[in-house]
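See below for the structure under consideration.
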Amino acid sequence: MTHTSMQRLALLLTASLVTLFVALALTSARASAAKIPFCGGQLISNVQTCFGAPRNFEWILGRGTKTGVCVGYNEVAAVACSSNGGELAYNTLWSYAVRTPRIVGISPNHSTVENAETF
């Protein structure tokens with residue numbers, strides 16, 4: 001083999017490996033974004049927030065039993081809100097990132113977190 005052929009082969013192998021690593025990285029990021037519940041059964045109100053463990057997610061949703069809720073992440077408390085108990089508050093954040101999910105009630109009355117999930 002000539003020197004030029006060896007260089008082309010090395011370049012082809014390198015490009016193939018880079019493509020493989022990028023594909024694996026994108027696949028593992030999507031696979032880690034399964035539905036993960038947080039704060040189920042916790043009491044919340046407009047002054048009592050429940051935080052979940054930090055995780056990689058794009059969607060967040062939640063529902064309270066007696067009052068409406070707001071779901072958010074990190075320091076953003078109200079990405080989406082529902083107005084009554086039993087109604088779902090949900091929103092997409094349009095990108096996967098590691099965030100700390102949160103749910104808070106919209107009323108001073110206590111409500112129980114019926115479900116809250118990220119995915």
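Odds and ends about this structure:
- Measuring nothing but how far apart in sequence close Cα pairs (under 8 Å, 6+ apart) lie, relative to its length, segment 36-118 scores a relative contact order of 47 percent.
- Other residues with beta-carbon under 11 Å from the beta-carbon of ASN115 carry, at +1 per Lys or Arg and -1 per Asp or Glu, a net charge of 0.
Computed from the coordinates by the stated procedures, all read-outs in this text should not be read as laboratory data. Fair warning: this is a prediction, and the values are worked out from it, not measured in the lab. Virtual Cβ from ideal backbone geometry, glycine too; neighbours counted across all protein chains shown.
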